[in-house]
Amino acid sequence: MDREQLMPALQSKVDELKLLGYEQATIEDVWNCLMMKKWKKNKEEKRLFELVNDVLSLRASDYMAYIVTKEQKHDRWFTEEGFSELEQLF
C-alpha cells in the first residue's frame, strides 16, 4: 500500500471527521485505524480505487471505537499520576 497515493483521500477523511466534531483527528490515526480495522486481514493486494473507497467509507463510529481502544491500551491508571486521579474520583 502506498500511503502517498492515498493522501488526498486521507486528508478528506480527516477534514470530514473534524467537521463532525472530532477535532483531534489526524492522518496518522485514520491510517492506523484502517490498518487495524479494514486492512489487517487482507492478504491480497488491493487496487487503488478499493483503498480510496475504504478510506472514504470509514465511519466516524469505527474511527472513534479505534481511538477509544487505543487510549485504553495506553492508559496510565497505574502510574503515580493516574493513581492520584483515581483517588480524587473516589
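Remarks
- If the condition is being touching a helix residue (DSSP H, G or I) at 6+ places or on another chain (Cβ under 9 Å) and either of a type outside the set (S, T, N, Q) or loosely packed, with under 12 Cβ neighbours inside 10 Å (or both), then segment 6-20 contributes L6, M7, P8, A9, L10, K13, V14, E16, L17, L20.
- Scanning segment 36-70 for residues that are exposed (fewer than 10 other Cβ atoms within 10 Å of the Cβ) and outside any loop (DSSP other than H, G, I, E, B) yields F49, S61.
- Looking across segment 1-19, just one residue is of a type in the set (K, R) and either in contact with a Phe, Trp or Tyr (Cβ under 7 Å, 6 or more places away or on another chain) or touching a residue at least 60 places away in the same chain (Cβ under 8 Å) (or both), and that is R3.
Computed from the coordinates by the stated procedures, all read-outs in this text should not be read as laboratory data. Fair warning: this is a prediction, and the values are worked out from it, not measured in the lab. With ideal geometry, Cβ positions are generated from the backbone for all residues, glycine too; neighbour counts draw on all protein chains shown.
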